Amino acid sequence: MVSATGLNYELRTPLTIVRGKLDLLQQSVQPIQPELLLPIQDELIRLTRLVGDLHQLSLAEAKQLPLVRKPTDMLDLLGQIQERIEPDADAKNLTLRLTSATEHTSVPVDPSRITQVFLNLFINAVRYTPQDGLIHITLQEEPASGMLRIDIRDTGPGIDAQHLPYLFDRFYRADEARARHQGGMGLGLAIAKEFIVSHGGTIQVESPQGQGTTFTVRLPYHDSDQQSHGI
């Protein structure tokens, strides 16, 4: 279930800002300038995104998330995501490396949902990897489990061990270990986990002290439930 404390905080902050801005505008005797409405619009966008994320998360937890699965070459899909984040990586002179140890990189997934998962993981890796660092994405086949394994390794500062058990919880942010992204809502990893689980896969994280962080996603080669519009 969604944390009541986290939800109250995430809703209360933008609502307080919107209410305060509207009160000031109502008290003003001057005509309202369009630029004065921009902060209100930003907070409303934030609220809309939060509600949308919570809706997706709730559907996934209730095993009602609509999925449109089709054979998808993960090497190609990850390459497309890599191209999307290259401008941000270039700005920090980061090296993005995508390699595969297997030719069997096709799995039955919902490309839209899986893109959302890996875009979040890639953006986080870029965000928390220092200047001139490396982000290495690798694919390999795990015949024993029938899974395709995808690792996203960065050379960032890592995450303190005390935070790791809670990293996929809703609204949890390891502020002491990783710089908090202004405007983030702490739902990205929770959604990523539920989306991967919805596909019959797993996601985990390892972060040895001072040795960067590795997110590992495993996706099955076969759709065990044979469903394309829900789980």
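The values are calculated or read from the model by the stated rules, or taken from the named source; none is laboratory data. Note that the structure is a prediction, hence the values are computed from the model and not measured. Backbone-built Cβ (ideal geometry, glycine too); neighbour counts: all protein chains shown. To get the accessible areas, we keep the full protein, side chains included, count just its heavy atoms, and leave off ligands, DNA and RNA. Shrake-Rupley method; radii C 1.70, N 1.55, O 1.52, S 1.80 Å.
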*Ser100: net charge of surrounding residues, Cβ under 14 Å, Lys/Arg +1, Asp/Glu -1, itself excluded?*
-4
*FRET efficiency for Leu22 and His55, Cβ-Cβ distance as r, R0 = 22 Å, nearest 0.05?*
0.30
*Using +1 on the beta carbon of Lys and Arg, -1 on that of Asp and Glu, and nothing else charged, what's the dipole of the range 81-177 about the Cα centre, debye to 20?*
140
*Accessible area per residue of the range 66-204 at 1.4 Å probe, in Å²?*
46
_Cα-Cα P(r), the range 93-140, percent of pairs per 10 Å interval_ = 22, 46, 28, 4
*To the nearest 10 Å², what's Val68's accessible area with a 1.4 Å probe?*
90
*What is the range 40-124 by shape, rounded, prolate or oblate, if you read a ≥ b ≥ c off the alpha carbon gyration tensor as root eigenvalues and call it rounded for a/c under 1.5, prolate for a/b larger than b/c, and oblate otherwise?*
oblate
*Work out the length of the dipole vector of the range 64-135 about its Cα centre, built from +1 on the beta-carbon of each Lys and Arg and -1 on the beta-carbon of each Asp and Glu, and round it to the nearest 20 debye.*
280
